[in-house]
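To start, the structure under review is shown below, and the notes come after it.
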Amino acid sequence: MPNFRLSQRLAPLQRNVFADMDRAKAAAIAAGQEVIDLSLGSSDLPAPDHVVAAIAASLQDPSSHGYLLHQGTLPFRQAAAAWYERKFGLGVDPETEVLLLIGSQEGTAHLPLAVMEPGEIALLQDPGYPSHAGGVYLAGGDIYRLPTTAERGFLPDFSTIPAEILSRSRLLVLSYPHNPTTAIAPLAFFEEAVAFCRHHQLVLAHDFPYPDLGFDGVEVPSIFQADRQRQQSIEFFSLSKSYNMGGFRVGFAIGNAELIGALRRLKAVVDFNQYQGILAGAIAALSGPQDCVEATRQRFRDRRDIFIDALAATGWTIPKPVSTMYLWAPLPAPWQTRSLEFCEQLVAQTGVAASPGIGFGDCGEGFVRFALVHDRDRLEEAARRITQFLVS
């Protein structure tokens, strides 16, 4: 037995259903199943050629091989600010209002350490992205779950939060387009959220990795179209989805200068930055031709239609999402309260892996999330296997 103890901070992180699904996938492979993994939102598409070329060129430059401190990230921050202004028509200061991140998840995980004291409350969506809770737990904070259900268009109702909860609350975390439900929040809702946070002196964090994955002409708003002076808010972006750069781990935050400065101080004691060559690729992505983004959007839109149509032929009707790379599928009878069991049995019997809705929060029960990370032939094969499972 080891002669030490671990921190109690780890207690809430000991088990989650995604670890259960990893074990279920491994067991299916060991049993000889050919797995079609639709459980992870990791794009199967390659990073654009001009991005890869910029990274490759940096490898031959020895000056790029050392540590990269904050001041050395200014060219990237300038490119991010210019991208944001082109996209949303709002100018930001790359010196004080933009921060490079090792993926947007670094920012959402560290923000509670910067703005919360132990015992204070973060308001999180249910269902919502699991890592949002992890950062709050590590900061010693408590969580109040905001039901985010179909009855309200997957928008939480702030009026239902008890006064005693609001008196201890410090942080509201939103994410639209929403993972896992695929919903988009209208600008009017963001305006409501900003006013709510101003009234209750809350920090508003918006996790925003899907700004380019709106389909069928749908425009995806930024939180700063509602908080134009960046008084309450911080927004987290990722190059993982728009530019298929998930493995390169590059994202950035834009927001209130004090919040950006607080995260910068945290980073100073936690890490340096990415390899400089990765930033060369990220600058090429943000500053270069954007036809690759349109191609990615069309690819996921087409996959959405293919998979929904294939499942509809089995009698499983799934609402057509207007954003993201997922389907949020209400489970057919008799599985409505057994999403984890459904996913475990589905992968064991067919090799098709999906994410159980309960893994995103109690309000996710009764749904499964499919990630559209394969092309037509694999999606149609997955639908064929699912059909066999449902009729067996």
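Descriptive notes on the structure:
Quick grid of which residues meet (1) touching a helix residue (DSSP H, G or I) at 6+ places or on another chain (Cβ under 8 Å); (2) not charged (D, E, K, R):
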{"residue": "ASP305", "(1), (2)": "no, no"}
{"residue": "SER323", "(1), (2)": "no, yes"}
{"residue": "TYR326", "(1), (2)": "no, yes"}
{"residue": "GLN336", "(1), (2)": "no, yes"}
{"residue": "ILE358", "(1), (2)": "yes, yes"}
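- Some residue of region 61-78 being at pLDDT 95 or above and under 23 Å from the mean Cα position of the chain (by Cα): yes
- Any hit, region 168-176, residues being in a helix (DSSP H, G or I), open to solvent by 60 Å² or more (accessible area, probe 1.4 Å) and within 28 Å of ARG228 (Cβ to Cβ): no
- Subset of region 315-328 [surrounded by fewer than 22 Cβ atoms within 10 Å (Cβ to Cβ) and either of a type in the set (A, V, I, L, M, F, W, C) or in contact with a Leu (Cβ under 6 Å, 6 or more places away or on another chain) (or both)]: TRP316, ILE318, VAL322
- The lone exception for LEU59 - which of (1) open to solvent by 80 Å² or more (accessible area, probe 1.4 Å); (2) under 20 Å from GLU344 (Cα atoms); (3) not hydroxyl-bearing (Ser, Thr, Tyr) it fails: (2)
- Checklist (1) more than 30 Å from PHE76 (Cβ to Cβ); (2) among the polar types (S, T, N, Q); (3) in contact with a strand residue (DSSP E or B) (Cβ under 7 Å, 6 or more places away or on another chain) applied to GLN336, failing item: (3)
- Selection within region 133-146 - open to solvent by less than 20 Å² (accessible area, probe 1.4 Å) and touching a residue at least 24 places away in the same chain (Cβ under 8 Å): ALA133, GLY134, GLY135, VAL136, ALA139, GLY141
- The set of residues in region 147-167 that are open to solvent by 30 Å² or more (accessible area, probe 1.4 Å), in contact with a Ser or Thr (Cβ under 9 Å, 6 or more places away or on another chain) and either in a loop (DSSP other than H, G, I, E, B) or within 15 Å of ALA205 (Cα to Cα) (or both) comprises THR149, PHE154.
- The residues on offer are ALA81, ALA54, and the sole one that is in contact with an Asp or Glu (Cβ under 8 Å, 6 or more places away or on another chain), modelled with pLDDT of 95 or more, surrounded by 15 or more Cβ atoms within 10 Å (Cβ to Cβ) and not in a loop (DSSP other than H, G, I, E, B) is ALA81.
- For region 234-289, filtered to residues that are without any contact (Cβ under 8 Å) to a residue 60 or more places away in the chain and open to solvent by less than 20 Å² (accessible area, probe 1.4 Å), the residue that is nearest to GLU95 (Cα to Cα) is GLU235.
- Residues (charged (D, E, K, R) and within 15 Å of the chain's Cα centre (by Cα)) located in region 105-130: GLU106, ASP126
- Of all residues making up region 88-125, the number that are outside any loop (DSSP other than H, G, I, E, B) and open to solvent by less than 10 Å² (accessible area, probe 1.4 Å): 11
- Region 13-25 - residue that is modelled with pLDDT of 85 or more and either open to solvent by 60 Å² or more (accessible area, probe 1.4 Å) or in a loop (DSSP other than H, G, I, E, B) (or both) and, of those, nearest to GLY141 (Cα to Cα): ASP22
- Restricting attention to region 345-359, the residues being open to solvent by less than 10 Å² (accessible area, probe 1.4 Å) and either under 20 Å from LEU146 (Cα atoms) or of a type outside the set (Ser, Thr, Tyr) (or both) number 8.
- Answer from ARG369, ARG301, ARG297, ARG385 - the residue that is over 21 Å from the mean Cα position of the chain (by Cα) and either among the basic types (Lys, Arg) or not in a helix (DSSP H, G or I) (or both): ARG385
- Just one of the listed residues (THR324, THR350) is closer than 26 Å to LEU213 by Cβ, of a type in the set (S, T, N, Q) and touching a Lys or Arg at 6+ places or on another chain (Cβ under 9 Å), namely THR324.
The values are calculated or read from the model by the stated rules, or taken from the named source; none is laboratory data. Everything numeric in this text was worked out from a predicted model, so none of it was measured. We place every Cβ from the backbone using ideal geometry, glycine too, and count neighbours over all the protein chains shown. Each accessible area value is taken on the protein alone, full model and side chains, heavy atoms only, with ligands, DNA and RNA left out. Shrake-Rupley method; radii C 1.70, N 1.55, O 1.52, S 1.80 Å.
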